[in-house]
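Worksheet: the structure to be examined is printed underneath.
Read-outs throughout are calculated quantities, based only on the coordinates presented, and are distinct from any laboratory measurement. Values in this document were obtained by computation on a predicted structure and should not be read as measured data. Quick reminder, even Gly has a Cβ in these numbers, built from the backbone with ideal geometry, and neighbours come from all protein chains shown.
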């Protein structure tokens, strides 16, 4: 079996339905493709989602 790409995601990532179309358009011309990730905050989420949002806030 021959593959064109391997895609990695963190467990908490929400995958956009058009993501594979973007990878398909870019993978032949680029050694690596990285898409932006936005945290989806849920009011009262203090554990994984809250920690994830905190990491984004510190990086900004």
**Study point:** Net length gained if the chain between residue 28 and residue 4 were fully extended (0.36 nm per residue, minus Cα distance)
**Key:** 7.8 nm
Review point. Listing 23, 8 from the residue with the fewest other Cβ atoms within 10 Å to the one with the most, what is the order?
Key: 8, 23
